[in-house]
């Protein structure tokens, strides 16, 4: 059994097609098929069901793929540890971030990281939080920005900052004459929210539960920018995270922002990585850079 055979098996599991898996692995289809058969012969079980247009994993195949992913991840961690021992701040960092944070945090963080780690290659991936957690566990990401809490004992969590929410209303709305409101005033208010799968939706629903606000059920946005434009068009009101209202985001026309005068709704952002990662020391330093953001980024100026 070789690492190459395990790589072929994982690629086949990911693509469920011999031709596409071979293309990804940069080998011919017969070569990949032969290596998979060799692996099956060595293990004494069938790993895949070969249908004309689709490949399906057998129960033994699913178990083998999970084990192969762990083995390949450990090998990659071994290589990464060796690279880090030669140059602690060199190499590549695969960093994940979720969509309602990435466009607004990265313009502030990336220049600081480049200045602090000039030899570090940043590879940035934007995906929904559940996908980021999965990729961290699979080893295809080194670390990820996530909103707390994250219930996974395999991760080390480094708290970065607390980001307040603001209430965004159209300029024509009655609340547009005010700069602040109490959280209790959200009782009975209908809020536009994001579609399922966005952690910001879950956070906004928590605010609804605490305050008595309700979801405007006839509309669910696919992105934070869609929510912003719907507010600007007078279609309703919503909660926006503070960073989504700061430079370099252009000021949104026809939108008025209100902060909360008492216990402000917010989300806590952390940097997470596997406890077994060979990059722990570097990631601690990355977290320190992220914590150095100016405090006024999280304060609304009226």
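Here, each number is a calculation from the coordinates, and none is a lab measurement. Please read these numbers as outputs of a predicted model, since none were measured by experiment. Reconstructed Cβ throughout: ideal geometry from the backbone, glycine too, with neighbour counts over all protein chains shown.
Some values worked out for this structure:
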{"quantity": "Acute angle (nearest 10 degrees) that the helix 280-290 long axis makes with the longest principal axis of the chain, alpha-carbon atoms", "calculated": "20"}
{"quantity": "Nearest-ten-degree value, helix 102-116 long axis tilted from longest Cα axis of the chain", "calculated": "70"}
{"quantity": "Modelled label reach - residue 126, point 7 Å along Cα→Cβ, segment 204-245 residues with backbone N closer than 17 Å", "calculated": "221-229, 241-245"}
{"quantity": "For the chain, alpha-carbon Rg and Dmax in angstrom", "calculated": "23.5, 75"}
{"quantity": "Hull-based mean projected area of segment 163-266, where the convex hull spans the alpha carbons, in square nanometres", "calculated": "6.0"}
{"quantity": "GNM result for the chain, Cα springs below 10 Å: residue of 144, 92, 115 fluctuating most strongly", "calculated": "115"}
{"quantity": "Set of segment 242-256 residues, backbone N closer than 14 Å to the point 7 Å along the Cα-Cβ line of residue 264", "calculated": "242-246"}
{"quantity": "Equivalent ellipsoid dimensions for segment 1-144 as semi-axes, Å, which come from the Cα gyration tensor, largest first", "calculated": "35, 18, 13"}
{"quantity": "Segment 3-83 - percent relative contact order, Cα under 8 Å, separation 6 or more", "calculated": "30"}
{"quantity": "Degrees, to the nearest 10: 29-43 long Cα axis against longest axis of the chain", "calculated": "80"}
{"quantity": "Fewest-first ranking of 200, 122, 93, using other Cβ atoms within 10 Å as the exposure measure", "calculated": "122, 93, 200"}
{"quantity": "Pair residue 45, residue 235: separation of 7 Å Cα→Cβ label points (nm)", "calculated": "5.0"}
{"quantity": "Percentage relative contact order, segment 163-266, counting C-alpha pairs under 8 Å, at least six apart", "calculated": "50"}
{"quantity": "Segment 1-68 versus segment 124-198: alpha-carbon centroid distance in Å", "calculated": "39"}
{"quantity": "Exposure proxy ranking, count of Cβ atoms within 10 Å, fewest first, for 157, 292", "calculated": "292, 157"}
{"quantity": "Residue 247-residue 219 FRET efficiency (beta carbon distance; Förster radius 25 Å; 0.05 resolution)", "calculated": "0.30"}
{"quantity": "FRET efficiency estimate (nearest 0.05) - Cβ-Cβ, residue 210 to residue 23, R0 45 angstrom", "calculated": "0.35"}
{"quantity": "Sites residue 190 and residue 76 - FRET efficiency at Förster radius 51 Å, r taken between beta-carbons, to 0.05", "calculated": "0.60"}
{"quantity": "Rg/Rg_globular for segment 3-83, with Rg_globular taken as 2.2 N^0.38 Å and Rg from C-alpha atoms", "calculated": "1.09"}
{"quantity": "Residue order, fewest to most surrounding Cβ atoms within 10 angstrom, among 113, 282", "calculated": "113, 282"}
{"quantity": "Relative contact order computed over the chain (Cα-Cα under 8 Å; 6+ residues apart), in percent", "calculated": "21"}
